[in-house]
1. Based on the alpha-carbon set only, what is the convex hull volume of segment 260-369 divided per residue, in Å³?
2. Describe numerically, in nm with one decimal, the distance between label points set 7 Å from Cα along Cα→Cβ at E488 and at Y200.
3. Please state the shape class of segment 399-444: rounded when a/c is under 1.5, otherwise prolate if a/b exceeds b/c and oblate if not, all from the C-alpha gyration tensor.
4. Is there a quick way to get the dipole size of the chain? I mean about its Cα centre, with the Cβ of Lys and Arg at +1 and of Asp and Glu at -1; what is the value in debye to the nearest 20?
5. Cross-link list K414/K435; K292/K326; K213/K552; K525/K638; K345/K512; K292/K411: which exceed 20 angstrom alpha carbon to alpha carbon?
6. Just add up the charged neighbours of S551: K/R +1, D/E -1, any other residue whose Cβ is under 12 Å from the Cβ of S551.
7. What distance in nm lies between label points placed 7 Å from Cα along the C-beta direction at E555 and K501?
8. Rounded to the nearest 0.05, what FRET efficiency do K255 and H395 give with R0 = 30 Å and r taken as the Cβ-Cβ distance? Could you check?
Amino acid sequence: MKLTIASLCLAALLATGCSNKENNLNIVPKPVSVEIRNGDFELRPGLKIISNNVFCAEYLKEYLVCAPVNDLSSMIVPIENEDIWKENRNGDNCILLVLDENFKLNGYSNNEDEPSEAYALNVNRKNITITAASQSGLYYGIQTLLQMLPANVYCKNEADSTQLENWTVQAADIKDYPRYAWRGYMLDVSRQFFDIDFCYKLVDWMSAHKLNKFHWHLSDDNGWRIEIKSHPELTEKGAWRGPGEVLPEAYGSGKKRYGGFYTQDDVRKFVEYAQDRGIEIIPEIDMPGHSKAIVSVYPWAGCTNPSEFVSVNGETKNILCVSNDKVYTLIDDIIGELAELFPGKYIHIGGDEVQFKNWEECPHCQAFMKENGWDEERELQRYFVRKMDEIVSSHGKIMCGWSEIADMDLKNNKGKSEDEIKRTFSDQTILWAWKENTQCIDFLKTGYPTVFQIAQYSYFDMKYSEFERGHTWASIVSLEKAYAINPEKMVDSLSQVEYGKPASEKEKSYIKGLQCGLWCELLNKPARFAEYQFFPRACALAESAWTNENSKNYEDFYGRMQKKHFERLYNMGIAFRVEPPLVVYENGKLIGKSDYIIRYTCDGGSIPDSSSPVMDGPIETDTPNMYRFAAFYKDDLKSITMLPQGIAPAEYLNPETSIETSFKAEVKGFPMSNITDYDFSTYWRTERMARKGDYITYRFAEPVECSRIVVESGIPNIDMYGITDGYVEYSCDGISWVKANDFVDNVSVIDNRENRLKISAVRIVFTDSNDGLNVSVQDLKIEK
């Protein structure tokens, strides 16, 4: 009887004895099934890697060069050569990587158009065997094996690895497969440009967590990032912003030429690299909104309306004219080149957040609507997306888009039976659900495969906590909240509210999977902030996408992170977020709590660093506001700096104040009175961008004696739409003025501690425009 490789490996699994030893492997994401066995496998000199897959053998060998073994070798053996496989099945001191297309695991079934991602991993005293039906499955088995080794394995070379006397792997039998076939991450490279080397690192880090889709947001209002040979102007002009460029400065890029793009040669090499690691890249060109980069290069592609309507992102002139046939010729050229560069099945066309007022005023679009008998602008959106579907399909790809592309379908199919539903786009079209609302269940009812990238859980540009940098418009997304995403539970709840019953199993079958996303308005600072925002939340997303919901538990997950996985991330070279310490002031003592080392300063302002004293117990003090605390991981990574809970950094004065300014006084929802009420959570938004010579003067009813005045701009705790070019001056008589300091990172400070002058007025002077469509201004912080 002919033996298969899978049956040989199954025999190896059954040959080991089982024990009740506690599972302490701390693997992330958590596998489906782990049975701990007696003993362990020790990596010894002469270790052999035997495989019928060249990439996986060499990949594993690259990591094991830092192991304390000599004469490490790899042997590539064809699957048909059963004699060698038999010889090594029970061989000593070897790792077998078996790619067998007949391999299957009970409980796992993949779509026919998707590769199997299941694997089995057996470790016994003599050898290690990983078996899978695809290279992706084999690669994921290797990721689990690497996590079973000392965390030093991620250093990848002897110089960086702390040498241990021996490396061992716990004997175990692991069977594993994913919950969802779609496990993605998205990176916006338009608002901030990330070089190709960073994208390579992201592929390494994300694939190590068994994520398999990279949604590459390659265009938006603030930059075009991919070479299109038939239209070189897109990168010659559209990839850059700043003085003298077609795109203005934005999001902290400053008064300089800023930008960049990926050449087609860059892309081809990168795509191959990602494919080897099981990651499919989905390119996105965001249209017909978010298209300022296109319209700035080709003004004829935009609408001709005279008014400048502001989009939700604060942009104007960023909408394509959907009635212009030349636009579709341009897009066909672009999609054609993308289809050749990206061998995957999907192209994402965006389709979100279109400012319809542009089309309402555009004479060409209005004429086109009249010609077709349409009475609302959403029909223009549907027409455009239908054209995109045709173009993308003509190049052999499947169209994807944000939820808005199906707005008209949801409206027209609401309440209809399954037989009555009519979809505008092809059945394979994939929608992106990014809001937790009724649309999520309606997409599934309409029969559209849907990726869940829900902002309230999976937009990692959101803050981790109220004290940290990031957006808040969707939610504060803590690590625990990122872990809590559960599409099935979500649609059951939404369906119950909307339709009086949970979602059906058929409706749930349209859930493609999960994805996290990183929009980059606020990623200009600090250094390596993208890593901070992604990790460890990407670990939570990865487990939610891979691990069965019944096996998930946040406390267990966080325990695995603490015991082992943070060390792995550190050795991978990831600048992950360190949880800030909690310090309380009770009974005259500062008491700290953290999973990490806490360091502190006590001079009222300086930031703790790796040389600052360690908080090794309660600190007695009657001036808690003078202390600053931060948590440190191995003294290389640190948390944000924190004050004791409930303690203000200073005692503030709140003098009666009036405002004089070159801007208009009132803006709906953000009145000027917000900057004289000393409520530091509110702000005044000007009606326009700043110009050189603009001013804002704060006049006090009575002169104020104080130590410092901190002048902050930008949205409070978010740091957008601040003052990029300007300075602050002050007056003691209300007539003559003394210049204080320029704005740096949207902040200027008047230091009055030495002179203790009585100040009558403070003035902000603008020396140039800012990098947003308006300026956000805050209350003065006047320190007693």
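The values are calculated or read from the model by the stated rules, or taken from the named source; none is laboratory data. Every value quoted in this text rests on a predicted model; they were computed, and no experiment measured them. Note that we place each Cβ from the backbone using ideal geometry, even for glycine, and neighbour counts take in every protein chain shown. To get the accessible areas, we keep the full protein, side chains included, count just its heavy atoms, and leave off ligands, DNA and RNA. Shrake-Rupley method; radii C 1.70, N 1.55, O 1.52, S 1.80 Å.
1. Working: hull volume 13.1 nm³, N = 110.
Residue-normalised Cα hull volume stands at 119 Å³.
2. In this crude spin-label approximation the distance works out to 4.0 nm.
3. Values: a/c = 1.96, a/b = 1.21, b/c = 1.62.
It comes out oblate by the Cα gyration axes.
4. Values: 86 positive and 117 negative charges, 174 e Å.
Around 840 debye, computed over the chain.
5. Values: K414/K435 18 Å; K292/K326 17 Å; K213/K552 22 Å; K525/K638 15 Å; K345/K512 14 Å; K292/K411 29 Å.
With Cα atoms farther than 20 Å apart: K213/K552; K292/K411.
6. Values: positive: K30, R179, K552; negative: D176, E543, E549, D556.
That sum, taken over residues with Cβ under 12 Å, equals -1.
7. Those two pseudo-labels are separated by 3.8 nm.
8. The pair K255/H395 has a calculated efficiency of 0.15.
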